[in-house]
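Asks: Below: one structure in structure tokens.
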Amino acid sequence: MSNLIIKQAQNTDEQAWDNYVNQHPDATFFHLFGWKKVLEKSFRHKNYYLCALENNNIAGILPLGHIKSLLFGNTLISTPFAVYGGILADNDEVKQLLRQAACDLAEELKVDHLELRNLKRENPDWPTKELYVYFKKELANNDEDNLKAIPRKQRAMVRKGIKAELQYDVNQDVDTFFAAYSESVRNLGTPVFPKKLFMALIDEFKDQSDILTISKNKQLVASVLSFYFKDTVLPYYGGGTTLARTLKGNDFMYWSLIQHAVKKGITVFDYGRSKEGTGSYSFKKNWGFEPQPLFYEYYLVKAKEISDINPLNPKYQMFIKLWQKLPLRISQILGPILARDLG
């Protein structure tokens, strides 16, 4: 490995970087180089995309984003605003060199900690946060088998949506999506991401994203923005209006997405992450998805322990209740100011 070097990838390295991601068996959508460009455009956070080169060929990568916030701390994350991240490498030696480079960078930036969002345990000596799980399931190639695979009670919710004569449309209409998404997020007491984030995502990943919107008599019910990577669909940002609950709009929306994805040749449905004990966790289990642990591992620099920034922390409950009472338009203005640092 005498010819192995670590460097920061530049925009001119995008094609080589994505070629590596697309051929690596452990890669995720969030390892793609376009994620870096979207986050820089939307939030102006500094990103460090580390690349291991052997004889000028990529032997490993590590995408890192630096989020420095007065409210939420100073962190280096792989990958911010994403479910998954961490190192992709040809072998353990390359992986170790990239890991050390990330630790050195964390020390140089004087962050509180370095966070690697791994799918499996990579660094047994590092502290880990057992907060999130992810849900992923294989799809059949036909609607009948996919409907049968949904547990009976949840299948009944889907059928109610069908009987309500809800309709779905697939496009890239960010304005309509944002109306449903921002209302839903406000109701949960969470700051909304800025509309420009979703515009940047659709622009960057034109061929790997779409928006599926549910309506009733031309009235907006629910909408979801999904990503497509290899054989997998990831419904990543979604939400419903007040109509969604009475019409079972969210249930119908995800069923419609399964149908749509199968038509595109997709074979895996990735429901993303949820915190154990939350409503979204229960909702996904009700669909017959089994939770799998996510291993978020930490290298502590200035911090003495892992920070606990999440909505389940009791100290944030008052904030959540106040946020839920905000007028929708005010939450759409204030939300992006806070959300940009919630990586």
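Every number here is computed from the coordinates shown, using simple stated rules; none is lab data. Nothing here was measured: the structure is a model prediction, and the numbers come from that model. Ideal geometry is used to build each Cβ from the backbone, glycine not excepted, and the neighbour counts take in all protein chains shown.
Asks: Need one number: % antiparallel among DSSP beta bridges in the chain, to the nearest 5. Walk me through the intermediate numbers first.
Replies: On the way: 60 of 66 bridges.
Around 90 percent of the beta bridges assigned by DSSP in the chain are antiparallel ones.
Asks: Only sites in a loop by DSSP and with at most 14 other Cβ atoms within 10 Å count here; which trypsin sites (Lys or Arg not before Pro) in region 69-142 make the cut? Show your work: numbers first, answer last.
Replies: Details: sites: Lys95, Arg99, Lys110, Arg117, Lys120, Arg121, Lys129, Lys136, Lys137; in loops: Lys110, Lys120, Arg121.
Filter output for region 69-142: Lys110, Lys120, Arg121.
Asks: Under the classification rounded if a/c is under 1.5, otherwise prolate if a/b is larger than b/c and oblate if not, where does region 209-278 fall, given a ≥ b ≥ c as square roots of the Cα gyration tensor eigenvalues? Could you put the intermediate results ahead of the total?
Replies: Details: a/c = 2.25, a/b = 1.35, b/c = 1.67.
Oblate is the answer for region 209-278, as a/c is 1.5 or above yet b/c matches or exceeds a/b.
Asks: What ratio of Cα Rg to 2.2 N^0.38 Å holds for the chain? List each step's numbers first, then the result.
Replies: On the way: Rg = 20.4 Å, N = 343, 2.2 N^0.38 = 20.2 Å.
Ratio of Rg to 2.2 N^0.38 Å for the chain: 1.01.
Asks: Now a separate question. On a full-extension model of 0.36 nm per residue, what is the gain between His260 and Leu326, subtracting their alpha-carbon distance, rounded to one decimal in nm?
Replies: Working: separation 66, 0.36 × 66 = 23.76 nm, distance 3.51 nm.
The His260-Leu326 span can extend by a further 20.3 nm.
Asks: Next question, about the same structure. What three numbers, in Å, describe the spread of the alpha carbons of region 69-157 along their principal axes, ordered from the longest?
Replies: 55, 38, 20
Asks: Let me ask something additional. Hey, can you list the DSSP H helices of the chain whose Cα span along the axis is 18 Å or longer and whose average Kyte-Doolittle score is at least -0.5?
Replies: On the way: long enough: 92-109 (25 Å, -0.31); 174-188 (20 Å, 0.19); 249-263 (21 Å, -0.13).
Counting only whole DSSP H runs, the qualifying helices are 92-109, 174-188, 249-263.
Asks: Okay, next question. May I have the convex hull volume per residue, in Å³, for the Cα set of region 122-205? Mind dumping the intermediate values first?
Replies: Details: hull volume 19.8 nm³, N = 84.
Looking at region 122-205, the number lands at 236 Å³ per residue.
Asks: With N denoting the number of residues in region 1-139, provide Rg(C-alpha) divided by 2.2 N^0.38 Å, to two decimal places. Mind showing how you got there, number by number?
Replies: Numbers: Rg = 14.7 Å, N = 139, 2.2 N^0.38 = 14.3 Å.
It is 1.03.
Asks: Need one number: convex hull volume per residue for region 140-266, Cα atoms only, in Å³. If you can, show how the numbers build up before the last one.
Replies: Working: hull volume 13.3 nm³, N = 127.
In region 140-266, the Cα convex hull volume per residue is 105 Å³.
Asks: Per-residue counts of other Cβ atoms within 10 Å, averaged by peptide: what ranking do you get for 268-281, 69-82, highest first?
Replies: Numbers: 268-281: 16.9, 69-82: 19.4.
With the highest mean Cβ count within 10 Å placed first, the list reads 69-82, 268-281.
Asks: Here is a follow-up. Out of region 102-185, which GluC sites (Glu not before Pro) are coil in DSSP terms and have no more than 13 other C-beta atoms within 10 Å?
Replies: Details: sites: Glu107, Glu108, Glu115, Glu122, Glu130, Glu138, Glu144, Glu165, Glu183; in loops: Glu122, Glu130, Glu165.
Counting only loop positions with at most 13 other Cβ atoms within 10 Å, the GluC sites (Glu not before Pro) in region 102-185 are Glu130, Glu165.
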